[in-house]
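Colleague: Handing you a structure now.
The values are calculated or read from the model by the stated rules, or taken from the named source; none is laboratory data. What you see is a predicted model; the values in this text were computed from it and never measured. Note: ideal-geometry Cβ built from the backbone for every residue, glycine included; neighbour counts use all protein chains shown. Protein only, heavy atoms only, side chains kept; ligands, DNA and RNA dropped before computing areas. Shrake-Rupley method; radii C 1.70, N 1.55, O 1.52, S 1.80 Å.
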Amino acid sequence: MTSPEWWRHAVTYQVYVRSFADSDGDGVGDLPGITGRLPHLRDLGVDALWITPFYTSPQKDHGYDVADYTDVDPLFGSLADADALTTRAHELGLKVIVDLVPNHTSSEHAWFAAALAAGPGSPERARYLFRDGRGPDGAEPPNNWQSVFGGPAWTRVDDGQWYLHLFDSTQPDLDWRHPEVGDLFEGVLRFWLDRGVDGFRIDVAHGLVKEESLRDQVVGEGESLGSGAPTGESMVERTLRDEPMWDQPEVHDVYRRWRRVLDSYDGDRMLVAEAWTQTAESMARFVRPDEMHQAFNFSWLLAPWSAKAFADVVTGTLEAVAPVGASPTWVLSNHDVVRHPTRYGGGPVGLARARAATLTMLALPGSAYLYQGEELGLEQVDVAPEHRQDPSWFRTGEVGRDGCRVPMPWGGTRPPYDFGPSGEPWIPQPADWAPLTVAAQSGDPDSTLEFYRAALAARRTFATTAGEDVEVIGSDADVLVLRRGPVTVVLNCGTESVPLPAGEVIIASGPLAGGLPPDTAVWLG
Ligand code: NOJ
Ligand code: MG
């Protein structure tokens, strides 16, 4: 799809760089590996790919800890490999979105090393959030904020000061009130725009600016400290919390500046926010006409398996973005959450529900984000403790996110399933994935892969022309019926088959047995 504002209707495929394809046999995915597998994305029928961070990084949070924003980590290749990837993607008609991590640097970034060396009160420290501690000898952290990965959001350095890290201690938060920080990132944007990328996914977009006083978070009754990350609650039902570390009004000045930078380039470059805001309205503020183009809408992903909940999310989302003229987005899985077949119960039921939720999502206006491996119906993997690498596991002892990051199975009958030419993948793959490989599923009409290909092909026939309106015709706890342009979608979240409304079946997420069985969705035309 090369129409102007391509992102308004795009299906974007998220590539988790470590786990997509390994070209050199070191067991870690890399940029040449992605380039070699781009035909898979073309054949799947997506419009764009978003690649998770591949910049120079000690990999404490798998690239979300950046030591140099304008170079490629040797683990993943070189700048020439990044250029070759973009060129090849464009030849195949695919747009390229890269990941920008502006909330924090790696503790191995030159700025942080300089800040540690320069000491309290120095200009080098002023680019981060260094503060003196509280209590006798300043031995208590400056405030009560908690890291998203568990434990205090502050770490003390040798001279007694503390620095803020909303994530791991190896990810110090920048002070976005400092002018040099904005200048650094304008340079980074230009560096990648000059190399031809089509857009940026903005990590922790709601976090850059903190309430200036860095005051304590006020915790209400029954609440605990923290949040700002997946909570399992739907945005629609959420009670608002006090969050002085997230979603401050000044953050929008950052995106207005970035929008001006993007608008000064040719082509249709775009910004998509990862913003775990508390309400659909606050999410919409990130996509006002002079800010970002899109924001991930996590309420679809957080919704429970209920037709009523899905209906509320559709209506709430469309109402929130309409006044600002932004295109809505939808997502069910990414590298931070439990894969959706597993969330929906796992096994055959989980997979049937996952396919039904996906088919419903693909009919909606706006753009959809897919996560690598969902087109194969992959489930969350139970990664053994000795193989876990997520920093949240090390900070909390809770399982963490490794289970959705297991390397892709491409072919063959045993690990590494053609993930690479040889070598042990950086997290072991399950022994029973042979039937799930791309090669095994290709050509099998009942496979999840062929279902995704068919659904994306069907979407292309109407997605750009069907308009932005959705009519929710009916929804109780069990059955959702909605219409967009020429397509009627019925999703059965109940336990009984329901009769199909009139119309010709365009595609169904599973077998239809004289009606619409439970855990199934259908498009009718
Ligand atoms: C959100 C990213 O998606 C996640 O993987 C990362 O750990 C945090 N931001 C911190 O950068
Ligand atoms: Mg490799």
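Colleague: Return yes when Lys95 is more than 13 Å from ligand 2 (Cβ to nearest atom), open to solvent by 10 Å² or more (accessible area, probe 1.4 Å), farther than 22 Å from Gly187 by Cβ and within 17 Å of the chain's Cα centre (by Cα) and no when it is not.
Modeller: Against the criterion (more than 13 Å from ligand 2 (Cβ to nearest atom), open to solvent by 10 Å² or more (accessible area, probe 1.4 Å), farther than 22 Å from Gly187 by Cβ and within 17 Å of the chain's Cα centre (by Cα)), Lys95 qualifies.
Colleague: So Arg134 fits all but one of (1) without any contact (Cβ under 8 Å) to a residue 24 or more places away in the chain; (2) under 23 Å from the mean Cα position of the chain (by Cα); what number is the exception?
Modeller: (2)
Colleague: Further, regarding this structure: Can you pull out the strands (runs of 3 or more DSSP E) entirely within region 1-74 that have at least 1 residues that are among the hydrophobic types (A, V, I, L, M, F, W, C) and within 16 Å of ligand 1 (Cβ to nearest atom)?
Modeller: Fully inside region 1-74 and qualifying: 11-15, 48-51.
Colleague: Return the total of residues in region 215-241 being at pLDDT 75 or above and in contact with a strand residue (DSSP E or B) (Cβ under 7 Å, 6 or more places away or on another chain).
Modeller: Qualifying residue count, region 215-241: 1.
Colleague: Moving on. Of all residues in region 1-25 being among the aromatic types (Phe, Trp, Tyr) and within 14 Å of ligand 2 (Cβ to nearest atom), which is surrounded by the most Cβ atoms within 10 Å (Cβ to Cβ)?
Modeller: Phe20
Colleague: Filter region 464-482 down to the residues that are surrounded by 15 or more Cβ atoms within 10 Å (Cβ to Cβ) and farther than 17 Å from Ala320 by Cα and list them by number.
Modeller: Ala466, Ser475, Asp478, Val479, Leu480, Val481, Leu482 - these are the residues of region 464-482 that are surrounded by 15 or more Cβ atoms within 10 Å (Cβ to Cβ) and farther than 17 Å from Ala320 by Cα.
Colleague: Then there is this: Among the residues of region 26-45, what is the count of those that are within 15 Å of ligand 2 (Cβ to nearest atom) and either among the charged types (D, E, K, R) or open to solvent by less than 20 Å² (accessible area, probe 1.4 Å) (or both)?
Modeller: Total satisfying the criteria: 9.
Colleague: Continuing with this model, one more query. Which one of these is assigned to a loop (DSSP other than H, G, I, E, B), surrounded by 14 or more Cβ atoms within 10 Å (Cβ to Cβ) and on the phi > 0 side of the Ramachandran plot: Gly514, Gly503?
Modeller: Gly503
Colleague: Also, I was wondering about something else. Taking Gly494 as the residue in question, decide whether it is open to solvent by less than 20 Å² (accessible area, probe 1.4 Å), in contact (Cβ under 8 Å) with a residue 60 or more places away in the chain and outside any strand (DSSP E or B).
Modeller: Yes.
Colleague: List pairs: first residue in region 413-428 and of a type in the set (D, E, K, R), second residue open to solvent by 40 Å² or more (accessible area, probe 1.4 Å) and part of a loop (DSSP other than H, G, I, E, B) anywhere in the structure, Cβ distance under 6 angstrom, at least six positions apart or on different chains.
Modeller: Matching pairs, first to second residue: Asp418/Gly412.
Colleague: A further question follows. Under the condition of being more than 22 Å from Arg460 (Cβ to Cβ) and among the acidic types (Asp, Glu), which residue from region 350-392 is least open to solvent (accessible area, probe 1.4 Å)?
Modeller: Among those residues, the one meeting the criterion is Asp390.
Colleague: Of all residues being basic (Lys, Arg) and more than 18 Å from Asp382 (Cβ to Cβ) in region 393-448, which is surrounded by the fewest Cβ atoms within 10 Å (Cβ to Cβ)? Just the residue, please.
Modeller: Arg414
Colleague: Taking only region 46-92 into account, find how many residues are closer than 21 Å to His206 by Cα, within 18 Å of the chain's Cα centre (by Cα) and away from ligand 2 (no atom under 15 Å from the Cβ).
Modeller: Summing the residues that are closer than 21 Å to His206 by Cα, within 18 Å of the chain's Cα centre (by Cα) and away from ligand 2 (no atom under 15 Å from the Cβ) in region 46-92 gives 6.
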